[in-house]
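Engineer: I'd like to ask some things about the structure below.
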Amino acid sequence: WFTDSAVSANNIITTGNLDVAMYWSENNTDWNNAEGLGAKPVFDYDNWEPGYTEVVYLRVSNLGSLAMKYKLSVNVASETEGKTRDNNTPYKLSDYIEYGIIKNVTAAYGTDDRMTARADIGTASKLNVAYSEEFHLVGKTATATDTDVYALVVYMPESVGNEANHNGTDIPVINLGLSVLATQDTVEEDSFN
C-alpha cells in the first residue's frame with residue numbers, strides 16, 4: 001500500500017535569559033564596569049569637607065532577552081567611626097553626608113553645576129538611610145538594549161562643622177554599597193499567563 005510522511009526537523013527550543021549590568025561614569029559618557037573585585041571604585045576621594053559634592057552616573061542595562069524588574073539600592077556596607085578633633089567624641093560620617101538620586105538623566109552636570117545637581121534631587125537623605133527603589137526594563141533586541149541612567153549626588157552640607165572634623169588619628173571611613181538586584185518581570189507571558 002502507498003505510504004507518506006511529513007517531518008519537521010528544524011525545531012529549536014531555547015530559553016530566554018536574564019542579564020543585568022551596572023556601569024558608572026564621572027561624566028555620563030565614559031563608562032566603567034561597576035561589578036567585580038577588580039572594578040574601579042565609584043567613590044575614591046578621601047578629603048570630604050563641608051560643601052564638597054560628588055556627582056556620579058549609574059547606568060543599569062538589560063543585556064538579557066527577557067523583560068526584568070530591578071531594585072537599585074544605595075546603603076552603607078560598612079563604616080569605621082572617627083573621633084572629633086575637639087574632644088575625641090566618636091562619630092559616624094554617614095550621619096553628616098547626604099545624597100539623592102536623579103532619575104532619567106540625559107546630560108552631565110559640569111563641575112560648576114554641582115549645586116544645581118543638589119537642588120535637582122529634591123529631598124536629600126542622610127547616608128545612614130538606605131535607598132531602594134524598583135524599576136523595569138524590557139528585554140534586549142537585535143537593535144537596542146534597554147537602559148536607565150541615574151545621577152547619584154553625594155555631598156557634605158555646608159552646615160556641618162567640627163562635629164565631623166576628625167582628630168587626625170581616628171579617621172572615619174564609609175564603604176558605600178551600590179547594588180542592582182534583577183528578577184524576571186511579570187510582563188513576560190507563559191502558558192499560565
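Engineer: Suppose we keep only residues that are within 16 Å of the chain's Cα centre (by Cα) and open to solvent by less than 40 Å² (accessible area, probe 1.4 Å) within the stretch 132-148. Which one would you say is nearest to E54 (Cα to Cα)?
Structural biologist: Checking each candidate, the answer is D148.
Engineer: Let me ask you something else. I'd like the full set of residues that are open to solvent by less than 70 Å² (accessible area, probe 1.4 Å), within 17 Å of S73 (Cα to Cα), part of a loop (DSSP other than H, G, I, E, B) and in contact (Cβ under 8 Å) with a residue 12 or more places away in the chain, limited to the stretch 20-47.
Structural biologist: A34, V42, F43
Engineer: If you don't mind, another one. Any residue at all in the stretch 48-63 that is among the small types (G, A, S) and either at negative phi or outside any loop (DSSP other than H, G, I, E, B) (or both)?
Structural biologist: Yes, the stretch 48-63 contains a residue that is among the small types (G, A, S) and either at negative phi or outside any loop (DSSP other than H, G, I, E, B) (or both).
Engineer: Additional query: Please count how many residues of the stretch 89-112 are open to solvent by 50 Å² or more (accessible area, probe 1.4 Å), part of a helix (DSSP H, G or I) and at pLDDT 90 or above.
Structural biologist: Of the residues in that region, 1 qualify.
Conditions (1) closer than 19 Å to Y155 by Cα; (2) not in a loop (DSSP other than H, G, I, E, B), marked per residue:
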{"residue": "Y70", "(1), (2)": "no, yes"}
{"residue": "N75", "(1), (2)": "yes, yes"}
{"residue": "K83", "(1), (2)": "no, yes"}
{"residue": "T116", "(1), (2)": "yes, yes"}
{"residue": "V129", "(1), (2)": "yes, no"}
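Engineer: Mind checking whether some residue in the stretch 61-82 is touching a Lys or Arg at 6+ places or on another chain (Cβ under 8 Å), open to solvent by 40 Å² or more (accessible area, probe 1.4 Å) and closer than 30 Å to N162 by Cβ?
Structural biologist: There is at least one residue in the stretch 61-82 that is touching a Lys or Arg at 6+ places or on another chain (Cβ under 8 Å), open to solvent by 40 Å² or more (accessible area, probe 1.4 Å) and closer than 30 Å to N162 by Cβ.
The values are calculated or read from the model by the stated rules, or taken from the named source; none is laboratory data. Since the model is a prediction, treat every value here as computed from it, not as a measurement. A quick note on method: Cβ atoms are made from the backbone with ideal geometry, for glycine too, and the neighbour counts reach across all protein chains shown. Note: areas computed on protein heavy atoms with side chains; ligands, DNA, RNA excluded. Shrake-Rupley method; radii C 1.70, N 1.55, O 1.52, S 1.80 Å.
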